[in-house]
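**Student:** To start, I am sharing the structure in question, which I have written as structure tokens.
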Amino acid sequence: MKKIFCLVVLFGLVLGGICLGAEKKFPSRDITNVVVWAAGGGTDVCNRIVSGEMAKIFKVNINVINKTGGVGGSIGMNDVYSRPHDGYTWAGVSESCVTAGVQGGWDKRMYVWDYFIVGGSPDVLSVTPNAPYKDLKELIEAAKAKPGSIRASASASGSIHHLNLLALEKGSGAKFNYIPYPGSAPAQTAAMTGEVSVVITSVAEQQQLIRAGKLRPLAMLTPQPFTMKDVGTIPSSFAPYPGLSKYL
């Protein structure tokens, strides 16, 4: 059985490989790259950049489309898998795809894919600029005082950002009202417009919004702080909540 080519934008641990089939001259026609998350997010943007550069080398068009929904990107993954396994349909995914199986959206092993790894970025928790919380500890204490009262956005159920929100809850004892969105871009928009108070996505996806003052970062979901040019140092969430080391 021929495997399927995947462009993977991972926000965390990565593994990779590539298999394009046994065709003598590849590619001989245009390629479709199906991104499983919404337009404008990190996975989408990186796939479009890389596909554009690869198209110059391959000398064919690489058409990027978005097919969202399901769990862990399962709608797009199943769509790609249903097409001929000839190297002409790619799946643009993130590490969130590994959760699709345990959530019932994917009934195959992940080794049916051949991965080409693009890059990664750690997650950051940010709030709307006018939120009353001056730091992560104030936010967590408010969430613990009234469980489920603070709305928090991330990508769809099972995404790495959703899992990091769950890890934050486990490690801090807080409980948020999780609101899923089909990708990082709409999740961030929800925070900027006040639909939610908290958003967790990657720092690469948020950096321009943070610099523009549209989001205010409270903490990195990593053991180390992060210094952003023109913004300053974003503290680690592990400092006030060392128990996060069990989950993040």
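**Student:** Looking at Val102, Val80, can you tell me which residue is of a type in the set (Val, Ile, Thr), out of contact with any Asp or Glu (no Cβ under 8 Å at 6 or more places or on another chain) and either under 24 Å from Gly194 (Cα atoms) or at pLDDT 85 or above (or both)?
**Tutor:** After applying the criteria, what remains is Val80.
**Student:** Looking for something touching a Pro at 6+ places or on another chain (Cβ under 9 Å), assigned to a helix (DSSP H, G or I) and over 27 Å from Thr189 (Cα atoms) - is there at least one such residue anywhere in segment 82-96?
**Tutor:** Looking through segment 82-96, none of the residues is touching a Pro at 6+ places or on another chain (Cβ under 9 Å), assigned to a helix (DSSP H, G or I) and over 27 Å from Thr189 (Cα atoms).
**Student:** Also, quick follow-up: Restricting attention to helices (runs of 4 or more DSSP H) lying wholly within segment 118-215, give those where 2 or more residues are farther than 17 Å from Pro235 by Cβ, under 17 Å from the mean Cα position of the chain (by Cα) and among the hydroxyl-bearing types (Ser, Thr, Tyr).
**Tutor:** Of the helices (runs of 4 or more DSSP H) lying wholly inside segment 118-215, those with at least 2 residues that are farther than 17 Å from Pro235 by Cβ, under 17 Å from the mean Cα position of the chain (by Cα) and among the hydroxyl-bearing types (Ser, Thr, Tyr) span 184-193.
**Student:** Pull up segment 229-248, narrow it to residues that are part of a helix (DSSP H, G or I) and of a type in the set (Gly, Ala, Ser), then point me to the one that is surrounded by the most Cβ atoms within 10 Å (Cβ to Cβ).
**Tutor:** The extreme case among them is Gly243.
**Student:** Take the residues of segment 72-96 that are touching a Ser or Thr at 6+ places or on another chain (Cβ under 6 Å) and surrounded by fewer than 22 Cβ atoms within 10 Å (Cβ to Cβ): which is nearest to Lys25 (Cα to Cα)?
**Tutor:** Thr89
**Student:** Could you check Ala38 against (1) exposed (fewer than 15 other Cβ atoms within 10 Å of the Cβ); (2) in contact (Cβ under 8 Å) with a residue 40 or more places away in the chain and say which number it fails?
**Tutor:** Single failed check for Ala38: (1).
**Student:** Identify the residue in segment 151-187 that is without any contact (Cβ under 8 Å) to a residue 60 or more places away in the chain, touching a Leu at 6+ places or on another chain (Cβ under 8 Å) and within 21 Å of Phe226 (Cβ to Cβ) and, among all such residues, is surrounded by the fewest Cβ atoms within 10 Å (Cβ to Cβ).
**Tutor:** Ala152
The values are calculated or read from the model by the stated rules, or taken from the named source; none is laboratory data. This is a predicted model, so every value here is computed, not measured. Note that we place each Cβ from the backbone using ideal geometry, even for glycine, and neighbour counts take in every protein chain shown.
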